[in-house]
Every structure is written in C-alpha cells, then in structure tokens.
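Colleague: Starting off with a structure, shown below.
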Number of protein chains: 2
Amino acid sequence: MSSDPENTDIWSVDARTGGRVERVGSVTTAQELRAVVRAAASTGPQLQAAGLAGRARFLRTAADRLEEDAEEIVALADRETALGESRLRAEMARTTFQLRFMAEVAEDGAWLDATIDHADPAAAPAPRPDVRRSQVPLGPVAVFAASNFPLAFSVAGGDTASALAAGCPVIVKAHPGHPATSQRCLVALREAATRSGLSAHVVGMVHGLAAGLELVRDPLVRAVGFTGSTVGGRALFDAAAARADPIPFFGELGSVNPLVVTPIAALERAGAIGAGLAASFTLGGGQFCTKPGLVLVPAGADGDRLRAALAASVAPLPAPVMLTSGIRQAFVAGLEARMALPGVSVVARGVGDDAASPRVMFTKAMDIIDEERLALLLEEDFGPVVIVVEYADEAELTAVLSLVPGSLTGTVHSGSNEHGPDSMAHRVAVVLAARSGRVVWNGYPTGVAVTWAMHHGGPYPSSTSTATSVGAAAIRRWTRTVCWQDAPAASLPAELQEDNPLGVPRRINGKLVVSD
Amino acid sequence: MSSDPENTDIWSVDARTGGRVERVGSVTTAQELRAVVRAAASTGPQLQAAGLAGRARFLRTAADRLEEDAEEIVALADRETALGESRLRAEMARTTFQLRFMAEVAEDGAWLDATIDHADPAAAPAPRPDVRRSQVPLGPVAVFAASNFPLAFSVAGGDTASALAAGCPVIVKAHPGHPATSQRCLVALREAATRSGLSAHVVGMVHGLAAGLELVRDPLVRAVGFTGSTVGGRALFDAAAARADPIPFFGELGSVNPLVVTPIAALERAGAIGAGLAASFTLGGGQFCTKPGLVLVPAGADGDRLRAALAASVAPLPAPVMLTSGIRQAFVAGLEARMALPGVSVVARGVGDDAASPRVMFTKAMDIIDEERLALLLEEDFGPVVIVVEYADEAELTAVLSLVPGSLTGTVHSGSNEHGPDSMAHRVAVVLAARSGRVVWNGYPTGVAVTWAMHHGGPYPSSTSTATSVGAAAIRRWTRTVCWQDAPAASLPAELQEDNPLGVPRRINGKLVVSD
C-alpha cells in the first residue's frame, strides 16, 4: 500500500528471461481492498441460497470455462513460471478435476454432518428437546495463492474450490510470480459465476504484500487459506491470531518430507530407489511442498550403491529455471548455508556450473544428533536439493527422525517381504505417522492425488491446523456448526428437514442413515 | 509457581461461609508440572493400543467408579460451590451419562472418518495409489476446569471424556473454586484407569494460575480445552498461538445469549415468558455460560406486561451464594458499571439488600445504538442479571442484534402461528444463526442436552474455535488425520483394514457404507 506511484505496478515477468512482459495491474490500496472484501461479502447470502446444487453447478461451469481458455492460460503460466507446458497442462487438468470433484463433494452432503435428535421427554439423564445440527459457511475467505502451482493452488485452485463449495465468497491474494495467469483465471471464474446466475464478486482478488496482511486483518474476513513459506505463513498466522476476533488460519508452510530406506530395501533396490529419488526431488525444479528433502539410508555397501545411483541420475540434470528470482536467491543461499556446515559434503550436482544446479548433499546421522547447527538440514530448502543422511542402526535413524519438524509426508522404502508389526519398516512407519500427515510406502511423496481419502497437511510447521488442503475433507475448513432447537419445519435448512429433500447422509437419533 | 511457602497451599473453601475447610495440596511447581505432563504423555501409546473398545471400557468404568462415590462427591461439591445438592446430583448424573455417551461415540467410530480409495491406474486426472485415511489422537491435552460445573465441565467432565475417548492423555488444570471435589474425581478416574488395565497417569492434575500458563506452553501438550472467562481464556489462547509450534485452543469464553421476543409472542405469552426468563437467568445463581443476559422485547403494552411479569417473578428471589468470592466481586462490579450507564435503570431486584441480589435492568434499543458506552450491556456479566432492551420496530431490533458479540446461543420467542420464511420470527432466527451456535425456539438456552446433534460453541468470543465442547462431535477436537499410501495390510490401523474388523462406517471409493 505504497503511496509511491513508481512502486505500485504489478508486472508479469518472464521467468526465463527475467524481463517484464506486461503490466497486469497495480498494488491494491487499503481503500480498494475494503471495497473488494465488501463486494465479496455481499455475495454470501446468494451463495448460501444457491444451495448445494447451485454451487455445484457454478463449480462445474468454472471448470468448463477454464477449459475454454486452457491453452492460453497454460502458455501464460509457462511464461510466468517456466514450469513447462506439459506439466502445466497436467496441472490444468488437475485444477478442472478439482473443481468438479468439489462439486461432487458438495452435493454428496456428508460434510454437512447433518444430525437430528428428536425430542424425547423420557431421555436420560434429562428430557431433551428436538435438536438438529449441520454446517454453515464461515463467511468471506482469504486465499493466498502459491508460487509453485499457478493453477491448482492459486486463483481457481483447491482452496477457492472448497471455500466456494462450502458457500464462502473468496478473496484471493494473487502470487506476484504469476499475476497475468491469476488475472486470467479470475476472469474465467467470474464469467462462470455470472453464467451460473451468481454475482461476479463471489471471487475477488488483491495484489501486494501489505494488502495480504490487511486482508487477514479485515473484520469481514472469516478464515484464511495459505500455501507458502514458513516465514511468510507464520507472520500471517500471527496476524490472524492477534485479531480482536481471531480467525482460523489454514496454512501450509514448509516441509522436509523425510524418506527412509531400510537396509533390506537398500539391499534389494538401491539402484531403483536412487533413480526414483532423483526424479522426485528435482520434479518441477524441486519446487514441490512434498519434495523429499531428507533421505535416510543405511551405512554400508547397499547405502553406498543407492547414493551412487542417485548421483548418477542427478549428474546429467541441468539447473532448472526457477519460479522467480527471489525463490532462486533463497534456494542458492540455502545451499550455501548447508554446504558450510561441518561434516556436510556435496556428493553430486547436476550438469553445468549454475548456482541453482540440482544438488545431493551428504552427512552422517551421528553428526546431526551431536551438532546442533546441523538442525538446518532438517528444514526445507525450496528447490532441487536432497540431504542424504547415513544411519548406522535403527537407534540412530529414530534419533534423527525425532528431530525432524512436522512434515506433510513421511516415506518408507521397505524390503519385499518386510512387513508386519515386527518389521523395521513398520516401526519406521509408526514414527513417521507421529510426525507427518501422510505415510507413503515404497513410493515418492511428490504427487498428491485429489481423492476422498487424501490428506495434505501435517504437524507444525507443515500445517498451522489439523485440516487438509487437498481432497474431499478440505471443504470442512470453511464451515462452522449451527444447531437448531425446537425450530419449526419451515425454518430448518433443507438438510435437516424431516423428509431429507437433499438426500444427504444423516444421523437420526444416533443411527447413521445413508439414504432415507 | 511461587517460591513463598506461605502462598503455595491449595485450600478447599466453604462457599457459604468463606472459611477454609481443608488443605488439598499445593500449587504445582514448574518441576512438578513437567513430571505430571511427562507421565501423562508416556501413557499415549497404551491409550492408543487400547483401541476403541478398550477406551470405551475405561470410560464406562470411570462412570461406575464415580457413582460409587457419588453422594460424597456431591456433598463436597456443594460445600465448595453452594450450588445445592439436587442440582449437583443432576450434574453427577449428567457427568456419568457423558462418560458413557463418549464410550458409545468412540465405539461407533464415525468420528474416525475412515476413508479408503483403492488404487486405480485408470483414474482421472492421473493414476492413483491406494490411499486410506483416519484420525489419530493429537497427544496430551490440557483441560481447564470450569468454576460453574464442578463435575460436568471439570476433572471428569466433557473435555476429559472426549479427549480420553479419542486416545489423548489429559492433564487437568483444577479450578481453585473446588479443589477437594477435583481431587476426589481425579482419584476416581485414576482408579478406573487401573481397573481397566491402564496407567493411572492417563489423567494428571495441576494447581495454580502459573502452572496453567506453563501447561499451555509445555512442548508435550498438543491441544487445550478451556471453559472460563473471556479475559483468562484470551490470555491462554494467545499463549497457545505464540508457541514455537502453535497448538489448537478450544476455548469457551463469555457469551451474552440474546433472547428475542416478537410482538406476537409478547401479545400471546407475556406472563409465561416473563416467568420463564426469571427462572432461566437466575438458574444456578445466574452462573451459566448459556444464561440469557440480553432480552429484546417490543415497546408497548405487551412488552410492559412481560417486564412486569419478569419483575414479579424476580422480586421474591434471594441473592444466591455465588461460586467464589472473586466471582461475586466481579459480578457486583459488573452490576455497578452497568447501573452507572446513561439511560439504564433497574426495574426489579430480588428480595433483601444483598449486593448480589438478582437484578433486571432496562434500556431502549435506540440508546444502545446511539451510545457507544452502552456496548457494555452486550457483554456477559456472570451472575443473576438480565438486561431488558425495548425495541420500537424490527429495524431497531436487527440493529441491536448486529452489535451483539458472538454467542453460544440465540433464542427467539414467536407467536403460535408465526413461522415460515416470511415471518419476523424466521428473520430473527436467521440473524441469530449468523451470530451464535445454537438457535432456540420458544425455550430458554440454559440446559444443554448431551446428544449426537448438540452444538455448544459459537463465534468469538463465545468460542475460540469452530468446535463444540458438548455432544458427540466434541471428540473430533482431539484428533488429526493421517493417511496411508500403499501401506501393507498389517501396518494399517484396524479401521482401515479391508475387512473392517471394527465395523465402523467408512467411505470406500467415494461411497459411504454404514455396515460392511
């Protein structure tokens, strides 16, 4: 919210050249922000009146509308992020799938948790009235778009889709790395809204760091969704908690995503795991929140083979063009800080002498346990780097894992017959489950399926809440409960009316009924 | 955590005489606190291993064990709170019911939200792995006991029952108003634990203000449940949010619980409503979080009749013995501050000249709208006082309601034929639902049924979260999600195993299945 007109332009920058391509708009002023939030808030009643079916129709129309412009949006996003058109085409497919999936989730109605207890004058321990509860939308939601998913975690991404599905207007804080893509997606969403009989203001957008902070502080904003760095996310979390009326802050911050290779797995598949790891930690330039950043391998010949395979796979890889110059700088600074640590060596790097070249670093478990400074290795460095940690035995492995901050994911690679409660792989999985939100067996954590069962979140700092930002349960973040005591039928929401006109699953007098 | 031995004694005080009866213990030191938390935390694995059935058995045993000592505990609680034995017998019945109900909720297993998506190489938009999710306990939970429910919201109350049901060890911060009752309930819970094959340390207890704050800051504590004042609750909320790793704080703070009487309701039932209100706002000495503290009545003859009936019902009521001398002082100070406001008059008081005598105050809606100082009337004064606000028309009524802070409940009294979307009663209910968690029709908010559908929570400051502290959904507060990707069968939790050995409701490949 600068008053210097020189500094208020928002430019679309070509990620490959660093050059400004077009002026997209200007930093949102405090006055403009209030107007955007008010306009969004005013659409709350119509979003709620649209009901599950109306909101589902809107989300499906939004998916259709994005597909109409898909090639153009993908080209813009590629220019602004350098992620490559094929990846971005897949991300577009994921984004439209997500919108349609959220429509299905909304209509399914299980998220309403509709529950009816009929009046019972004979109830224990006391006579009870008729009580019925379900979920209502929280109100306007602020969504902070991510740098690394210009489509699937941005303007028309999962936070927006789930908030709209719940009946909440959305105000997006655009990411400065892809403002033109953001603008284009905003237009598509708004056209879809009007095509669906809703106001275009069901989605608004603001630009600029200060506007983001003001958005979190705005009295009309009732919740925040955030995907980004630990430092930025924590500052906004603190602002949300410091409000006169604190609001929920659903943040996804940094995650190191430990991956453990058991001795038997290393014995059986050292080469394959090394190659798989190389592909996973360099995917999208290593700019994934689920990038495996810390790999624990057993000491000895099998671990050495794994490391050699990893190094061989990394050697021919070029440095990626990173999302923004700021992200590149932070990544390179992170590399340098890690390389300067005692006992840390670089065992492989990609081709060429680019400072952001993919990197494999190496240290020993005992060094991490003994040397406090090495705790830095347990934090995310956003970009193509992986730390290989050699453990001598299971005790060392467990000791290192106990130092790893909360993560989105934890992965274990086990031997083909290594399972059951008495196996090391099982014990590792139990430790990983205590410190992460998704435990992956014999795979790689990059790639998050949008399904009913997916959970994308984990202990702090990987999340600031216990909620998920991906999958069906993401809709629950944007709701609160209201219960109705002895209400006349005509004043009950549809899902609580006796004849269940929406056909949603309900619990009636304690019994769960799927179709009634 | 005073070092002055003079000030470290915890005394059980007779609420009626103000005299010290017995020394219950001493203020918990920092060192003792760490030991209590560590001991509780160490029982997490056994609580989890006990499974749904084992934890349910423990909760039922706890209810049985409390019943063995019921008369003694009721007598102690009456001595410490002056709430009266008949009320406390009912509260004991509610407490044991709550423990058994939570056992039923735990075993039902719907709270696990067990969800299975089988692997599908043909899935859109991308092939998907096998993904399964359910809920795991958060870890040790701090529970701050309430002054006004020495049984149902204290050591063996709803927070404790729901946390144990979820698999979380509990450390209770005892309320200084009833330490002997607390100690007695702790012993009962711990004996029930050992009878059930669990460690007595599944529940711990600490005393003292400083110990409470340290408990919220303790690294091992993973969540907090709190029932109490807005000032105290906010201080602890802030401490939870300021941690290096913020933890969820489920606080129930102050609530004014507006109650609206429509003109038709006043016409039809002025006398009955006046009498009903008097009973509700003086119940338990007015020391209910759901006490109706603000009553909106129409201007004119019917409103006047209602006020007269209310005054007549209050006139013969004596001042209650309040829970503690501190609560009494705060209540009386609150009365004085309100009486000093411009345009506020006292229209009725109970019998006798006690400063804490029940009080009915009166003002006009326009005064509240025009005079900022009158915002104090919209805040809770914990004790037997109600503010009657006269509104001239629906616009005035709505304007006042829009100024009321978030409440646990909102009540509307409507005419016998006043319903349907076009009625004033319906419009009032919509406004109340936007600002509260439970909308009561033609009743009184005091009295919260422990059922599947109950919701006890509301917008800030009535709650610091979107969760409920009463009813089946209370268990969800103490859990987070873990999902398992491509896990071998033997490493899956029981509720996610293919053959569903626990028989819990599940969603499989998108379809909800109640018994499979």
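Read-outs throughout are calculated quantities, based only on the coordinates presented, and are distinct from any laboratory measurement. Computed from a predicted model, the values in this text were never measured in an experiment. Cβ placement follows ideal geometry from the backbone for every residue including glycine, while neighbour counts extend to all protein chains displayed.
Colleague: State, as an integer percentage, the relative contact order of chain B based on alpha-carbon contacts under 8 Å between residues 6 or more apart.
Modeller: Reported relative contact order: 17 percent.
Colleague: Next question, about the same structure. What's the average, rounded to a whole number, of partner chain beta-carbon atoms within 10 Å of each residue's beta-carbon in B:499-507?
Modeller: Neighbouring Cβ atoms belonging to other protein chains average 1 per residue here.
Colleague: With charges set only on the Cβ (+1 for Lys and Arg, -1 for Asp and Glu), what does the dipole of the protein assembly as shown come to about its Cα centre, in debye to the nearest 20?
Modeller: Magnitude of the dipole: close to 280 debye.
Colleague: Which order do B:Leu112, B:Leu408 fall in if you start with the one that has the fewest other Cβ atoms within 10 Å?
Modeller: In increasing order of surrounding Cβ atoms, one gets B:Leu112, B:Leu408.
Colleague: Lysines within cross-link reach of A:Lys173: Cα-Cα under 26 Å, excluding same-chain residues under 8 positions apart?
Modeller: In chain and number order, the partners are A:Lys291.
Colleague: Hey, another quick one. I need the fraction of alpha carbon pairs in chain A separated by more than 34 Å, rounded to a whole percent.
Modeller: Result for the distance tail: 41 percent.
Colleague: I would also like to ask the following. Would you be so kind as to identify which of A:Ala375, A:Ala319, B:Val430 lies farthest towards the positive end of the dipole of the protein assembly as shown, taking Lys and Arg as +1 and Asp and Glu as -1 on Cβ and the Cα centre as origin?
Modeller: Ranked along the dipole, the leading option is B:Val430.
Colleague: Normalized C-alpha radius of gyration of the stretch B:383-516, against 2.2 N^0.38 Å?
Modeller: Normalised Cα radius of gyration, the stretch B:383-516: 1.52.
Colleague: Next up: Alpha carbon centre of the stretch B:179-206 versus the stretch A:321-399: separation in Å?
Modeller: For the stretch B:179-206 versus the stretch A:321-399, the Cα centre distance is 48 Å.
Colleague: Find which of B:Leu112, B:Gly284, B:Thr43 sits farthest along the positive direction of the dipole of chain B, computed with +1 on the beta-carbon of Lys and Arg, -1 on that of Asp and Glu, about the Cα centre.
Modeller: Going by the Cα projections, it comes out as B:Thr43.
Colleague: Tell me the label-point distance for the pair A:Asp486, B:Val514, using the 7 Å Cα-to-Cβ offset, in nm and rounded to one decimal.
Modeller: 2.9 nm
Colleague: A follow-up question, please. Just to be sure I understand the model, the point goes 7 Å from the Cα along the line to the Cβ. What's the resulting A:Arg38 to B:Leu376 distance in nm?
Modeller: The modelled label-to-label distance comes out at 3.2 nm.
Colleague: Which shape class applies to the stretch B:270-321: rounded if a/c is under 1.5, otherwise prolate when a/b exceeds b/c and oblate if not, where a ≥ b ≥ c are the square roots of the Cα gyration tensor eigenvalues?
Modeller: oblate
Colleague: In addition: Tell me, what is the percent relative contact order of the stretch B:421-509, built from C-alpha pairs under 8 Å that lie six or more residues apart?
Modeller: The normalised contact order for the stretch B:421-509 reaches 16 percent.
Colleague: Another question, if that's okay. Can you run the Rg to Rh ratio on the stretch B:258-441? Use alpha carbon positions and the Kirkwood inverse-distance Rh.
Modeller: We get a ratio of 0.94 for the stretch B:258-441.
Colleague: Sticking with this one: What does the charge count near A:Arg435 come to, summing +1 for each Lys or Arg and -1 for each Asp or Glu among other residues with Cβ under 13 Å from its Cβ?
Modeller: +2
Colleague: Determine, for A:Tyr460, B:Tyr391, the number of other Cβ atoms within 10 Å of each Cβ, and report the residues in order from fewest to most.
Modeller: Fewest-to-most Cβ neighbours within 10 Å comes out as A:Tyr460, B:Tyr391.
Colleague: Can I ask one more? When Cβ neighbours within 10 Å are restricted to other protein chains, what is their mean count per residue of peptide B:486-493?
Modeller: 6
Colleague: Using 0.36 nm per residue of separation minus the Cα-Cα distance, give me the extension gain between A:Arg195 and A:Asp354 in nm, one decimal.
Modeller: 52.4 nm
Colleague: Please compute the average number of Cβ atoms from other chains found within 10 Å of each residue's Cβ in peptide A:467-473.
Modeller: So the per-residue partner count for this stretch is 3.
Colleague: At q = 0.06, 0.09, 0.10 Å⁻¹, what base-10 log of I(q)/I(0) does the Debye formula yield for the protein assembly as shown when every alpha carbon is treated as an equal point scatterer in vacuo?
Modeller: Computed log10 I(q)/I(0) values: -0.46, -1.03, -1.25.
Colleague: Pull up the DSSP beta bridges for the protein assembly as shown and report the antiparallel fraction as a percent, rounded to 5.
Modeller: Close to 35 percent.
Colleague: So if R0 is 35 Å, what FRET efficiency would A:Val21 and A:Asp64 give, r being the distance between their Cβ atoms, rounded to the nearest 0.05?
Modeller: Given R0 = 35 Å and the Cβ-Cβ separation, E is 0.80.
Colleague: Using the beta-carbon distance between B:Ala30 and B:Gln497 and R0 = 35 Å, what value does 1/(1 + (r/R0)^6) give for FRET efficiency, to the nearest 0.05?
Modeller: Working from the Cβ atoms, E equals 0.20.
Colleague: Moving on to the next point. Quick check for me: using +1 on Lys/Arg Cβ and -1 on Asp/Glu Cβ, what's the dipole size of the stretch B:258-441 about its Cα centre, in debye to the nearest 20?
Modeller: That gives the stretch B:258-441 a dipole magnitude of about 520 debye.
Colleague: Something else: Please work out the Cα convex hull volume for the stretch A:268-357 and give it in Å³ per residue.
Modeller: Residue-normalised Cα hull volume stands at 100 Å³.
Colleague: Next question, about the same structure. Kindly state, to the nearest 0.05, the FRET efficiency for B:Ala122 paired with A:Arg89, given R0 = 22 Å and r defined as their beta-carbon distance.
Modeller: 0.70
Colleague: Then there's this: Within a 10 angstrom radius of the beta carbon, how do A:Cys289, B:Cys168 rank from fewest other beta carbons to most?
Modeller: Lowest count first: A:Cys289, B:Cys168.
Colleague: A further question on this structure: At B:Val347 and B:Ala242, where each label point lies 7 Å from the Cα along Cα→Cβ, what is the point-to-point distance in nanometres?
Modeller: Going from the B:Val347 label point to the B:Ala242 one covers 4.4 nm.
Colleague: For B:Gly158, what charge total do you get from the other residues with a beta carbon under 12 Å from its beta carbon, if Lys and Arg give +1 and Asp and Glu give -1?
Modeller: After counting each charged neighbour, the total is -1.
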